[in-house]
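Written below as structure tokens is the structure these notes are about.
The values are calculated or read from the model by the stated rules, or taken from the named source; none is laboratory data. Source: prediction; values computed, not measured. Neighbour counts run over all protein chains shown; Cβ positions are idealised from the backbone, glycine included.
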Amino acid sequence: MIRQLDELKTRAFQELDSIKDGKELEAWRVHYLGKKSTLTSILRSLATLPVAERKPVGARANQVKVDLESGLKEKQAALRAVQFVSGTGREIVDISLPGRPLPNGRRHPIIQTLDEIYDIFASMGFQIQEGPDVEWDYYNFEALNIPAEHPSRDTMSTCWVEPKAASGEYNMLLRTHTTAVTARVIEKMAPPIRVIEPGRVYRYEATDATHIPMFYQIDGLAVDRGITLADLKGTLYEFARRFFGEERKVRFRCDFFPFVEPGVEMAIECLTCNGKGCRLCGNSGWIEILGAGMTYPEVLRRGGIDPDVYSSFAFGIGIERLPMLRYGIDDIRLFYGNDLRFLRQF
């Protein structure tokens with residue numbers, strides 16, 4: 001049996017030396033190391049040998065198997081080396097040629113707009129404050145003077161995230177405006193205060209050319225002694241002048257918001273139609289970009305600030321409408337459609 005193993009090994013290595021390609025090598029492996037090979041049959045028949053022969057025959061058979069497997073690996077490596085050399089001989093690579101150009105990434109137009117707004121308000125002394133996207137009902141509504149029966153609290157307008165309690169009421173929601181950060185700022189900071197509060201906000205509403213369920217907003221807040229509506233208008237005029245240019249027309253009109261009194265809205269002349277009326281501006285010639293006003297005294301009082309000593313103004317800006325006005329974009333959904341043809345323009 002040992003002589004048979006030695007002859008098998010000699011014959012196997014002789015055939016291995018003459019192999020020239022991978023197909024022949026695989027046939028060799030199956031013949032000498034496969035499940036039906038002579039070597040495998042010998043290893044399986046060890047139990048039938050006399051006890052005295054089992055150990056030496058088993059040791060020799062295992063050694064032959066190790067030697068054949070080692071030879072197989074060496075031959076595979078040799079064939080790969082030959083294949084590589086022959087392949088490089090057929091294809092010459094000129095390493096002096098320039099590499100394939102890769103497209104450069106760039107910042108999203110909304111992020112570019114946010115950065116520009118940060119710079120404008122930072123130059124006017126405003127700091128940046130942020131808050132959580134998932135907010136308590138208190139900061140999103142109650143602290144901002146929004147009553148329990150207000151339509152914005154309805155499940156058809158707001159994305160509530162906490163299961164209903166036994167009372168049938170919700171406590172947590174995806175914030176509907178970054179004014180919720182204003183409530184937190186009033187509560188934790190002492191006057192004088194001058195901050196802007198950027199972030200994503202969520203509305204449960206239908207999607208169209210000017211509305212989407214998730215968008216960016218920046219709220220602003222200033223609290224100090226002697227602040228008036230003139231300070232608010234001056235701040236927003238300066239922002240509009242620096243962002244849109246001095247030639248753009250700005251319009252203020254009275255409006256109502258539960259947390260400011262008096263309240264105003266600021267609109268910019270539609271760039272698409274130059275004030276003549278189009279689909280983007282609803283044929284009005286103007287697009288509202290923010291709501292603002294003098295902070296309601298009760299809002300300050302809830303945050304621990306005495307409204308008899310301090311006055312305050314606040315504003316909220318819808319970010320997406322700013323680049324829409326600047327570049328004449330007529331559909332807000334383009335910002336989130338992931339169309340590189342659109343995004344690469346910025």
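Overview of values
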{"read-out": "Single residue of Glu261, Glu288 found to be closer than 17 Å to Thr179 by Cα and acidic (Asp, Glu)", "value": "Glu261"}
{"read-out": "Leu271 vs. criteria part of a loop (DSSP other than H, G, I, E, B) and either modelled with pLDDT under 85 or not aliphatic (A, V, I, L, M) (or both)", "value": "yes"}
{"read-out": "Residue in the range 126-148 that is at pLDDT 95 or above, over 30 Å from Asp331 (Cα atoms) and in a loop (DSSP other than H, G, I, E, B) present", "value": "yes"}
{"read-out": "Enumeration of residues in the range 274-296 that are in contact with a strand residue (DSSP E or B) (Cβ under 8 Å, 6 or more places away or on another chain) and surrounded by fewer than 19 Cβ atoms within 10 Å (Cβ to Cβ)", "value": "Gly275, Gly285, Glu288"}
{"read-out": "Selection within the range 19-37 - loosely packed, with under 15 Cβ neighbours inside 10 Å and β-branched (Val, Ile, Thr)", "value": "Val30"}
{"read-out": "Per-region count, the range 223-273, residues of a type in the set (D, E, K, R), within 27 Å of Arg326 (Cα to Cα), in contact with a strand residue (DSSP E or B) (Cβ under 7 Å, 6 or more places away or on another chain) and surrounded by fewer than 18 Cβ atoms within 10 Å (Cβ to Cβ)", "value": "7"}
{"read-out": "Meets criteria (exposed (fewer than 14 other Cβ atoms within 10 Å of the Cβ) and more than 20 Å from Lys75 (Cα to Cα)) for Ser45", "value": "yes"}
{"read-out": "Selection from the range 178-192 of residues that are crowded, with 17+ Cβ neighbours inside 10 Å and part of a helix (DSSP H, G or I)", "value": "Thr179, Ala180, Val181, Thr182, Ala183, Arg184, Val185, Ile186"}
{"read-out": "Residue selected from the range 102-152 under the condition under 17 Å from Ala180 (Cβ atoms) and small (Gly, Ala, Ser), by the criterion surrounded by the fewest Cβ atoms within 10 Å (Cβ to Cβ)", "value": "Ala148"}
{"read-out": "Test: residue in the range 207-218 that is touching a residue at least 24 places away in the same chain (Cβ under 8 Å), in the same structural domain as Gly303 (by TED's automatic domain parsing) and in contact with a His (Cβ under 7 Å, 6 or more places away or on another chain)", "value": "yes"}
{"read-out": "Sole residue being closer than 22 Å to Tyr118 by Cβ, at pLDDT below 90 and part of a loop (DSSP other than H, G, I, E, B), chosen from Glu205, Glu246", "value": "Glu246"}
{"read-out": "Helices (runs of 4 or more DSSP H) wholly inside the range 1-81 that include at least 2 residues being among the basic types (Lys, Arg)", "value": "2-17, 22-33"}
